[in-house]
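Here's the structure, in structure tokens; my notes come after.
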Amino acid sequence: MKAARRSAGTETTLDVLLRWTWIRRRTPAQDIEDLRNGQALLVAGYTKSIAGAAMASVGKGKQIARLRHGFLSLALGEEPRWSDRRGARSASLRPPFSLKLTGKKVPMAPKFKRYELITADGTFDLAVPKKDGELVRYAFGHARSGDEVP
């Protein structure tokens, strides 16, 4: 497998500066083509539930699950893998998959869309950049099984 590269929607500060100077990066359509050709991709995202919930205290003994930033590793023929940004929590996601857009907003992340991801291990929440939505749907539709996502 080739070394993984960032997807079109996973932008760093340098990527934004390059865009401002009219230097183009890869497009989401090119990402899908690259994935078909064996390129592994990293998609930035947020989750509360994949690899276990991280709880945050909100006072008076109450706790809530907090959003964690991380990366979704995608490669055809392999199970998608979630890793937290800190690397403390990670999980392989096992097929069969169903990915549904929830329509809920991601707090302080307007360029992200939130999905409900159903796997063999349970139901999880996942938020990915809007630019990477088609790529993620394609990857989950072709991860191991080769079947389309319903």
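Look through segment 87-113, keep the residues that are touching a residue at least 40 places away in the same chain (Cβ under 8 Å), assigned to a strand (DSSP E or B) and of a type outside the set (Gly, Ala, Ser), and return whichever of them is most open to solvent (accessible area, probe 1.4 Å).
Only one residue tops the list, namely 112.
Could you check segment 55-86 and list, in sequence order, the residues that are open to solvent by less than 60 Å² (accessible area, probe 1.4 Å), in contact with a helix residue (DSSP H, G or I) (Cβ under 8 Å, 6 or more places away or on another chain) and over 16 Å from residue 128 (Cα atoms)?
75
Is it fair to say residue 90 is touching an Asp or Glu at 6+ places or on another chain (Cβ under 6 Å), modelled with pLDDT under 90, under 19 Å from residue 128 (Cβ atoms) and among the small types (Gly, Ala, Ser)?
No, not satisfied.
Only one of 45, 38 is closer than 22 Å to residue 97 by Cβ, at pLDDT 90 or above and surrounded by fewer than 17 Cβ atoms within 10 Å (Cβ to Cβ); which?
38
Mind checking which residues of segment 1-58 are over 14 Å from the mean Cα position of the chain (by Cα) and among the charged types (D, E, K, R)?
Of everything in segment 1-58, those that are over 14 Å from the mean Cα position of the chain (by Cα) and among the charged types (D, E, K, R) turn out to be 2, 15, 19, 24, 25, 26, 33, 34, 36.
The values are calculated or read from the model by the stated rules, or taken from the named source; none is laboratory data. Here the structure is a predicted model, which means the values were calculated and not measured. In this analysis, Cβ positions are derived from the backbone assuming ideal geometry, glycine residues included, and neighbour counts consider all displayed protein chains. Remember, those area values only see protein heavy atoms, side chains included, never the ligands or the DNA or RNA. Shrake-Rupley method; radii C 1.70, N 1.55, O 1.52, S 1.80 Å.
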